[in-house]
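Chemist: Here you go, one structure.
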Amino acid sequence: MSLRFAPFVHVASCTWFLYDYVLNLDEEVQFIWFYGRRRSPYDYAYFVIKIATLIALIAGLITVGAGDISGQRCKNIGILMGTTGTVVTVCADVLLIIRVHLMFNCNRQLLLVNSSLYALVCVSAVTIDVLEGPSPQDFVSLPSPSGSCHVRLRQPLAISWILGAIYHAYLTALVLVKYREAYTRLEQLGHRVSMLRLLVDGNIKFFFTVMISYAATTSLTCSSTMDQDGAYNLLTTTTIAIFASKLIRNLRHKLHYGNNDPDLSWMSDLGIQSSIMFATPGDEAMDLWDRRARDDDVEGLASPT
């Protein structure tokens with residue numbers, strides 16, 4: 001990506017973030033007030049993601065709008081944007097791991113495997129950043145139409161993004177397993193449900209969007225030697241922040257309503273427990289699936305031919 005497009009990345013990220021906030025203002029208000037004043041870790045993660053993303057966006061706009069900034073200030077802004085981006089990314093990744101954990105009926109072994117793999121990815125990324133990350137000399141103040149602050153990219157940095165993309169592809173594959181299971185179960189019960197409807201109602205789109213954002217940033221980092229300070233990272237940070245916020249609202253919504261979730265009332269109308277897409281602790285979901293399938297088989301045998 002040419003540097004002349006970098007300011008548009010900053011402006012587009014900021015516009016998208018603000019547009020999404022206004023578009024979903026009613027959900028924002030509901031999230032803050034509807035579930036009561038008692039706060040949960042989801043609430044704190046929600047506010048941290050929102051605030052950190054806003055800080056990163058403001059810092060990015062400063063680098064675009066300022067006419068001349070010293071190299072040291074460019075470095076400080078780069079560190080600030082990198083730190084806030086890391087906070088947002090880690091919060092979102094933990095939420096995705098929790099989402100998979102709940103979808104698989106709180107399988108502890110799977111949670112341990114996913115957490116261990118993520119820890120390995122984080123350690124590898126930190127090691128690469130420490131060894132190959134930008135030095136103070138890599139932050140350059142070059143007044144230009146694309147902004148003042150630029151940073152030279154070292155190609156090994158792309159490895160950390162590649163690891164992140166692979167890990168999120170793995171999480172997405174796990175979600176697809178559960179997704180396919182839900183679709184197969186519905187077919188066994190004689191109910192044909194649109195794959196798209198199952199995808200939207202299960203909010204699996206979050207996993208795909210985050211994975212795509214990682215892939216895009218990886219591609220940009222691999223193909224460039226210079227970045228308008230934080231533009232590539234900001235693109236991913238904004239995407240993850242928007243969809244992580246939606247995921248948190250979805251998590252709180254599902255945990256609040258449980259199996260009476262109005263968004264999945266169509267499954268309840270069919271006598272099917274919606275936790276196949278958002279599992280609650282225990283094996284009740286699968287037991288209900290099995291009982292329902294057995295009942296349908298018995299009814300089928302008892303019905304006249």
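The values are calculated or read from the model by the stated rules, or taken from the named source; none is laboratory data. Here the structure is a predicted model, which is why all the values come from computation and not from measurement. All Cβ positions, glycine included, derive from the backbone under ideal geometry; neighbour counts span all protein chains shown.
Chemist: Say we look at segment 151-191 and pick out the residues that are in contact with a helix residue (DSSP H, G or I) (Cβ under 7 Å, 6 or more places away or on another chain) and of a type in the set (Val, Ile, Thr); which of these is nearest to Ile128 (Cα to Cα)?
Modeler: Checked segment 151-191; the qualifying residue nearest to Ile128 (Cα to Cα) is Ile159.
Chemist: Hey, another quick one. Among the helices (runs of 4 or more DSSP H) confined wholly to segment 142-232, which include 3 or more residues that are modelled with pLDDT of 75 or more and of a type outside the set (S, T, N, Q)?
Modeler: In segment 142-232, the matching helices (runs of 4 or more DSSP H) lie at 157-188, 205-222.
Chemist: Okay, next question. Within the group Val48, Val11, which residue is β-branched (Val, Ile, Thr), surrounded by 14 or more Cβ atoms within 10 Å (Cβ to Cβ), closer than 19 Å to Asn250 by Cα and modelled with pLDDT of 70 or more?
Modeler: Going through Val48, Val11 in turn, the sole match is Val48.
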